[in-house]
Amino acid sequence: MLQSNEDALDSRHGWRVVGGAHAITAITFGSAYAFSALFPGLSAEFNASRGEIALVFSIAAFLFYALGAIAGPLADRWSTRRLVAAGLIAMAAGYVVASQATSLLGLYIAYGVGVGLGIGLSYVPVIGAVQSWFQTKRAKASGIATAGLGLGTLLLPFAVAKLIPVIGWRGSFLMLAAVIAVIGPPAMMLVRRRPANSRANALPPTLLSPLTAWSKPGFPLFYLVIVLGSFCIFIPYVHIVPAAHDLGLSLDSGTALIALIGVGNVFGRFVLAGFGDRIGSVRLLALLTAVVAGSFILWAFAANFVMLAIFAVIFGAAYGGCVGLYPAVAAELFGTPNIGALLGYLYTGVGIAALLGPTLAGFVFDRTGTYLGPITASAIAAAIAAIFTLKLHRAEGK
């Protein structure tokens, strides 16, 4: 007797879930990464330093990954769609309130909490849902689902940069709220976890505590890999536009660099992450993390747009492949029954890195007048993460 699609290791219905996850990550992360295009306007409006403005994004980024520790376990037990709906509402409302901010504190609260809740309640649940539908093509599915981040990064920051001269940063926040409200709900309806009664996912998950997750072999090391590998990834998204301005480049050139990161990101998630199904997700993750480290060495020597563009594409591709592989590696090492909780706990490491990286880079620049220190630290952290990933691979094989 032939197995039905629902009982197959990789169900055809799972690709619909991938499509919905792709769209959700595109609008949520794409709108968040448009922050770099808003950086100059916000700095001028509030007469704030780069460290103070970077903290706006860092608060949001910390929350949207730290909240995964709550949203992930809830997604294992509750409806993914309800969590995503709550996130979309919070994010759209956050942009609307942020558009009316009259102080940095108001911006910290509106943008930080709104965008933080928005992505925090949606990202881990939708990515966890994707994992439940696949086994043999899990890395490819993860890469395509998270490639929405790259597509959103390609489109929304560029659109914001073009609109700022016309509608200003306040109008841009309202535009981003409209994008979330229009595209989010239809995409949300495509996302659900695989039913627990299918043969490939037969047992309903039990609640997994953080302590139990931490005690799993390989979990602490993988967590450290994510913290070190993620320290650098938000620094370009926040600071590459002002860094380009320091070289005498225009706002359009700076946001073009963000778009190029998005181009590389799409390639990394669509193409590179899929190779994990062939050569091993852990091995590929180590390689791409090493490439991330190398890309920051390029940025350290960049003196013009062309060199920054090369950095942006290489960084985007390598980083995109890494993030596309994180869910697949987690599922490979720890299984899928509690994948939402596991991803949620792991992504708190990204939250820690997101809070520290852009903010420290901003304050170091305020003090030294250069980004060389943060760039060098980013390269070192990523290189160490690559080495530790290889150790994770050996531990996995025992």
Matching residues in the stretch 95-137 - criterion: being over 24 Å from Arg269 (Cα atoms) and not aliphatic (A, V, I, L, M): Tyr95, Ser99, Gln100, Thr102, Ser103, Gly106, Tyr108, Tyr111, Gly112, Gly114
Is there a residue in the stretch 321-342 that is surrounded by fewer than 24 Cβ atoms within 10 Å (Cβ to Cβ) and closer than 23 Å to Gly51 by Cα? no
Quick test for you: out of Pro236, Pro210, Pro220, pick the one residue that is surrounded by fewer than 17 Cβ atoms within 10 Å (Cβ to Cβ), out of contact with any Pro (no Cβ under 7 Å at 6 or more places or on another chain) and at pLDDT 90 or above. Pro220
Mind checking whether some residue in the stretch 127-141 is closer than 26 Å to Pro358 by Cβ, modelled with pLDDT of 85 or more and either in a helix (DSSP H, G or I) or open to solvent by 20 Å² or more (accessible area, probe 1.4 Å) (or both)? no
Any idea how many residues of the stretch 61-98 are open to solvent by less than 10 Å² (accessible area, probe 1.4 Å), under 19 Å from Leu346 (Cβ atoms) and among the aliphatic types (A, V, I, L, M)? 3
Cβ pairs under 6 Å, 6+ apart, first in the stretch 227-249 and at negative phi, second open to solvent by 10 Å² or more (accessible area, probe 1.4 Å) and not in a helix (DSSP H, G or I): Ala243/Tyr371
Selection within the stretch 59-85 - aromatic (Phe, Trp, Tyr) and assigned to a helix (DSSP H, G or I): Phe62, Phe64, Tyr65
Being at pLDDT 90 or above and of a type outside the set (Asp, Glu) is the requirement here; does Ala181 meet it? yes
Examine the stretch 158-173 for a residue that is open to solvent by less than 10 Å² (accessible area, probe 1.4 Å) and under 26 Å from Ala71 (Cα atoms), and state whether such a residue exists. yes
Looking only at the stretch 313-337, filter to residues that are more than 18 Å from Ala273 (Cα to Cα) and touching a residue at least 60 places away in the same chain (Cβ under 8 Å); which one of those is farthest from the chain's Cα centre (by Cα)? Pro337
Out of Gly51, Gly20, Gly41, which single residue is open to solvent by 10 Å² or more (accessible area, probe 1.4 Å), small (Gly, Ala, Ser) and either over 30 Å from Ala141 (Cβ atoms) or at pLDDT 90 or above (or both)? Gly41
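The values are calculated or read from the model by the stated rules, or taken from the named source; none is laboratory data. Keep in mind the model is a prediction, meaning the values are calculated, not measured. Please note: Cβ atoms are built from the backbone with ideal geometry, for glycine as well, and neighbour counts cover all protein chains shown. All accessible areas refer to the heavy atoms of the entire protein, side chains included, with ligands and DNA or RNA removed. Shrake-Rupley method; radii C 1.70, N 1.55, O 1.52, S 1.80 Å.
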